[in-house]
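Heads up, the thing below is written out as structure tokens.
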Amino acid sequence: MTAATADVAEHLRVFLAFDYGTKRVGCAVGNRLLRTATPQRSAVCADEARWAWVAARIHEWCPDALVVGVPFHPDGAAHDNTRRARGFAEQLRNRYRLPVFEADERYTTTEALSQGATDLDSAAAAIFLEQFLRGLP
């Protein structure tokens, strides 16, 4: 169990994950019971169109909590996209009043590519969501 998953309440069952990007946002849904995640269709949108798309996914899946992939350099150092993803996570918290957790998304796009995924952003979201779910007690 990691520090990121140690404080996840047991009643949180359905998780919606977002792989944030400035041009595209990947999405996956998963559940605590099976500890699996399924990629959903990514969105190519920005600004308010992005928020309408996010709201539609939240309405569709009624998640108990959200997970945002946060990128880091291979050595764990933060960079500009780290800050952007964390800002997106904070906006999710403020807009939807749901618990929002962060997941390390290093190498998930590479893994999705090696698995032959066609929608890399959502496949990456499913990968880091499954890693997150496996870390839950």
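Please treat every number below as a calculation from the coordinates, not as lab data. Predicted model only: the values in this text are computed from it and were never measured. FYI the Cβ positions are ideal-geometry reconstructions off the backbone, even for glycines, and counts take in every protein chain you see.
Before moving on, here are some points about what is shown:
- For region 51-66, the set of residues classified as crowded, with 19+ Cβ neighbours inside 10 Å and more than 14 Å from the chain's Cα centre (by Cα) is empty.
- Test: SER42 is closer than 15 Å to LEU16 by Cβ and of a type outside the set (Val, Ile, Thr): yes
- Matching residues, region 97-126, being without any contact (Cβ under 8 Å) to a residue 40 or more places away in the chain and either more than 21 Å from THR38 (Cα to Cα) or among the hydrophobic types (A, V, I, L, M, F, W, C) (or both): ARG97, VAL100, ALA112, LEU113
- Flag if ARG41 is among the charged types (D, E, K, R), surrounded by 15 or more Cβ atoms within 10 Å (Cβ to Cβ) and in contact (Cβ under 8 Å) with a residue 60 or more places away in the chain: no
- Among the residues making up region 18-35, those that are farther than 23 Å from ARG83 by Cα and surrounded by fewer than 15 Cβ atoms within 10 Å (Cβ to Cβ) are LEU33, LEU34.
- Applying the set (1) part of a loop (DSSP other than H, G, I, E, B); (2) within 22 Å of ALA112 (Cα to Cα); (3) in contact (Cβ under 8 Å) with a residue 60 or more places away in the chain to PHE15 leaves exactly one unmet item: (1).
- Helices (runs of 4 or more DSSP H) completely within region 67-137 that count 3 or more residues being over 15 Å from the mean Cα position of the chain (by Cα) and surrounded by fewer than 20 Cβ atoms within 10 Å (Cβ to Cβ): 80-96, 108-114
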